[in-house]
Structures are given as C-alpha cells and as structure tokens.
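Encoded as structure tokens, the structure appears first; notes follow it.
The values are calculated or read from the model by the stated rules, or taken from the named source; none is laboratory data. Worth saying up front: this structure is predicted, and the values here are computed from it rather than measured. Here Cβ is always computed from backbone atoms with ideal geometry, including for glycine, and neighbour counts include all displayed protein chains. What goes into the accessible areas is simple: the full protein's heavy atoms, side chains included, and nothing from ligands, DNA or RNA. Shrake-Rupley method; radii C 1.70, N 1.55, O 1.52, S 1.80 Å.
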Amino acid sequence: MASSTPPLIVIIGAGFGGLQTATSLGGAAARVTLIDRNNYHTFVPLLYQVATATLEPEWIALPIHKLLRRYKNVQFVQGNVEAVDLTAQRVQTEQVMLQYDYLVLATGSQTHLQGVPGAKEHALPLRTLEDAIALKHHLLQCIEQAAQTKNPDERRQLLTIAIVGGGATGVEMAGALVELCHQSWPKDYPWLQDDPVQLILVQSGSELLPEFPHSLRTYTYKKLAILGVNIQVETKVASVHASHLELDSGTRIPCATTIWTAGVKAAHPPTEAALPQGHRDKIPVLSSLQLQQYPEVYALGDAAQVPDQALAGVAPEALQQGVCTARNLRRQLKGLTPQPFRYFNKGRLAIIGCFSGVGKIGPFPLRGFLGWFLWLAVHWVYSPGYRNRLMILVTWLQSFGSRDKLARQLLKRSPSKSPARFKV
C-alpha cells in the first residue's frame, strides 16, 4: 500500500525568521518549501557597513541553497508571491502554485515613509542589500562630483548628508559616516580638511535610541555631537526634495543625500481577503504565533504583532520566533496543541562607531569601547558562512587599524538616484 504524501509547509520570506523556521524543520515529517524573491539570505545588521564602504556586499549574503543543502525535506523556490488564498490554502508564485497544509508568513518589513511628501522619490532607504549598494554608489558619486565642481553652493549641497531617524539604524549610519567622511575621505581628498562633509541627524523624538536607558541615550547624543554630527531632536521632516530637505520648523537644508531610517512597517503578500492589521500593518497573532481565524497559518518577525509582549523588531526576536514556529508545527503534525511564544531577551547592543557603542546586558549598562567591541563580536559570530566571517574579520582588522574604508570602488553605473545639481 502506497504511503501518503507528507504534508506541505510553505514559508514565505527567507529573512531571519523564515530561514530559522525552515532549518528548524529539517528532518521533520513534512515537506518544507521556502520562497523568497532573492536566492540569498542577507545579514541585515551589517547593511550599513556595505553602504559606508566598509564591507563588500557578497560578504553579508549567502546563497539559500547552500544554507539548506543538508536538509533533505526542505527545498527553496525563488520567485515573487503573486497571491495567497488562505481559504483554499494556496500560494501562487510567478512560476508555480503550491497547495499547502501549513503556511508561515515571514515577509519582514518595508520602509515606513510616514506619508512625508517627496520621501518615496528622493529619500534613500536602507532595508535591503540593493538599498545598501545604491546608497554607497550615491555617496561615492557625490564626493567625486564635489571634487570637480567650482560652485561653492553646489559643493556644500553635495557634501551635506541628512539622516532621518534617530533609532539604532540612524545612529549606526551617523557613526559610520563620520568614519567614512571625516577620517577616510580626507586621505584621498585633502581639501576636505578645510571644507568637511556636514552630517545632520534628524529625530522626531526628544532623544536618540529611545529603546535604551536614559543614561545610554545621553551618552550616544554627546558622543555623536563630539564627532561632529549636527543632531536635531524634536524635529520632523516636512518634505524631501532632490536638492534639499525641509523641516517642520520651516528650515531648508540644501543636501544631495537624504537617508531614511525613520522606522518600518510590515510587508505582506497579496491575499484574497484583507489580513487583520495592527500597529504599523502588523498581523495580530495568538501567543502561539498562529492567526486566530486560520490555525494552520503562522506569522512572525516584523510581520507579526505578538500579544502582551513589547518587541523591538530585532533579529534575535525573529530567530526565537522561528524556533518556536517550527516547534509548534512539529506539535501540530503530531496532533498536539501549539505552545505560546515567550521572548528571552539576552540584551541589546548598538554601535555608534569610532570605537564606541552602547548596550544593556541584564541590569548592566555598557558604553564606550566595550559596547563597540561586543557589538562587533556578536554580529561577527552570527554572520552567515565561515568564508564570510573570515573576510569580515580581516577587513575589520585592516579597516579599523588604518581608519580607512576599503570598499570604495565605483564598478558600474549606480542604480541610485543621481546627486541633484544645486538649484537656488
């Protein structure tokens, strides 16, 4: 008698949560199909180092097929999800239609532009590897253009960089840009000693890093100010333009670069019926990470709003949710009841740059060199692939030792928006 076909689990999204779910289901009594538009997994915490010419893009990405090759019941399908029918339990991609028994929505997040006029057209986000590459090329084009122009107003515009958002990503970008623009570039462009790059960090709240204790927020503010970053708190952006940034106070800042790090919202695949949505479009789930109306469907990571837990949307949360989702799916396959997810917070770290960082491990706050070193150590350990870790370590040692950025080649035409010429 022929054996029945094992149930099919479809996972949409190969970020931290989706990939962790897939690998944790390795060897389970089910077929697992992981779908993503890219055939590589990106180590998102190091995107800013690609954007600021510290690391090459391929060093923070690893082919998904390589990551899954030892799991015989797990396969990867590259493609865009065109439709999800939750009632009929079908997922339609560009090439195939999959009839699933269980579905995991790990679709991650997208940049939240908050309805600011011009932000979609002129601001540069930092959510994907393509965003980081585009931003790097844009910055390199700006400095090359500034070196050639004779117009002082145009040069000042090209040498002004505005960062919108004072969370962890904004702080990381500000510190890394200090290293690039104030330490590395002057070695190749000596005239920058007299006409330095201006860095402006705009934060709508009253402090930077709002998820950290007050003492660490104060330290971060003072450290960036000492490094030459112009920090404007309690300030909102009114509009973004190709040649300037307008604030709600009426101030007009001529700048060729506006980097948008002011928050994210959940990204969802198209469904036949509207998914329930909570804060920033997140899907409200049960404590087991299941959808209430569809117990065979799970949502996790940036796509999910977990009840009674204040989650910050960082990678450790998605990884733990991926393990929990896989464990609950194994329980369902055995006819058992899924268990609730509880996040174990191991601590929080943020890097400022220039050998400084902040963090909180248990009740102990960290700042300065120790925070900086621990951030690098933790992210080096979790970066994907032995070869990638080796390349990252060697590059960090050389880059931080010489205070230089090594990945500054303009190898092809940039996919980014070209720097705007100054207009009065």
For the stretch 5-100, take the alpha-carbon Rg, divide it by the Kirkwood Rh, and send me Rg/Rh. 1.03
Once both label points are put 7 Å beyond Cα along the C-beta direction, the S249-E234 separation in nm becomes 1.0 nm
What Rg and what Dmax come out for the stretch 86-211 when only alpha-carbon atoms are used, in angstroms? 20.4, 66
Can you give the extra length, in nm with one decimal, that the chain gains between F400 and A83 once fully stretched, where that is 0.36 nm per residue apart less the Cα-Cα distance? 109.5 nm
Given a 1.4 Å probe and heavy atoms of the protein chains only, how would you sort K187, K405, K360, largest accessible area at the top? K187, K360, K405
Could the peptides 384-394, 137-147, 246-256, 160-170 be put in order, highest first, of the mean number of other beta-carbon atoms found within 10 Å of their residues? 160-170, 137-147, 246-256, 384-394
Of the heavy-atom accessible surface of the stretch 124-180 (probe 1.4 angstrom), what whole percent is carbon and sulfur? 48 percent
Mean Cβ-within-10 Å packing, highest first, puts peptides 210-216, 303-309 in the order 303-309, 210-216
Full extension between S206 and Y382 adds, at 0.36 nm per residue less the Cα distance, a length in nm of 60.1 nm
Taking the C-alpha atoms of the stretch 16-174, convex hull volume expressed per residue in Å³: 153 Å³
Taking every alpha carbon pair in the stretch 82-129, what does the distance histogram look like in 10 angstrom bins from 0, in percent? 20, 32, 25, 22, 2
Return one whole number: the accessible area per residue of the stretch 239-344 in Å², for a 1.4 Å probe. 45 Å²
Report D for the chain in µm² per second (integer): Stokes-Einstein, Kirkwood Rh on Cα pairs, 25 °C, 0.890 mPa s. 108 µm²/s
Rg (Å, one decimal) plus Dmax (Å, integer) for the alpha carbons of the stretch 309-378? 16.5, 54
Under a point spin-label approximation (7 Å from Cα along Cα-to-Cβ), what is the Q183-R280 distance to one decimal in nm? 2.9 nm
In Å, what Rg and Dmax follow from the Cα atoms of the stretch 148-205? 12.6, 38
Can you pull a Stokes-Einstein diffusion coefficient for the stretch 124-279 at 37 °C (0.692 mPa s), Rh from Kirkwood over Cα pairs, as a whole number of µm²/s? 195 µm²/s
Carbon and sulfur atoms account, in whole percent of the 1.4 Å probe accessible area of the stretch 33-112, for 44 percent
Using r as the Cβ-Cβ distance of R69 and L370, and R0 as 41 Å, what FRET efficiency do you calculate, to the nearest 0.05? 0.60
Given the pairs K223/K405; K346/K405; K187/K222; K265/K360; K72/K265, which are separated by over 28 angstrom at their Cα positions? K346/K405; K72/K265
Which FRET efficiency, nearest 0.05, do R331 and I361 yield, Cβ-Cβ r, R0 30 Å? 0.40
Can you give the alpha-carbon Rg of the stretch 239-319 over 2.2 N^0.38 Å, where N counts its residues? 1.53
Taking the DSSP beta bridges in the chain as the whole, what percent of them are antiparallel, to the nearest 5? 45 percent
Less than 10 Å Cβ to Cβ from L25, Lys/Arg counted +1 and Asp/Glu -1: what total charge do the surrounding residues give? +3
Protection-proxy order for peptides 22-28, 198-204, each taking the mean of Cβ atoms within 10 Å per residue, highest first: 198-204, 22-28
Can you run phi through the Karplus equation (6.51, -1.76, 1.60; θ = phi - 60°) for the stretch 47-52 and list ³J(HN,Hα) in whole Hz, with x for Gly and Pro? 4, 5, 6, 6, 5, 9
Plugging the Cβ-Cβ distance of V96 and D194 into 1/(1 + (r/R0)^6) at R0 = 60 Å yields, to the nearest 0.05, a FRET efficiency of 0.50
Cβ-based net charge around I361, under 13 Å, with every Lys or Arg adding one and every Asp or Glu removing one: +4
Roughly how many nanometres apart are two label points built 7 Å out from the Cα toward the Cβ at D308 and K222? 4.1 nm
Placed amide H near H41: partners under 5 Å, 5+ positions off or other chain: L62, I64
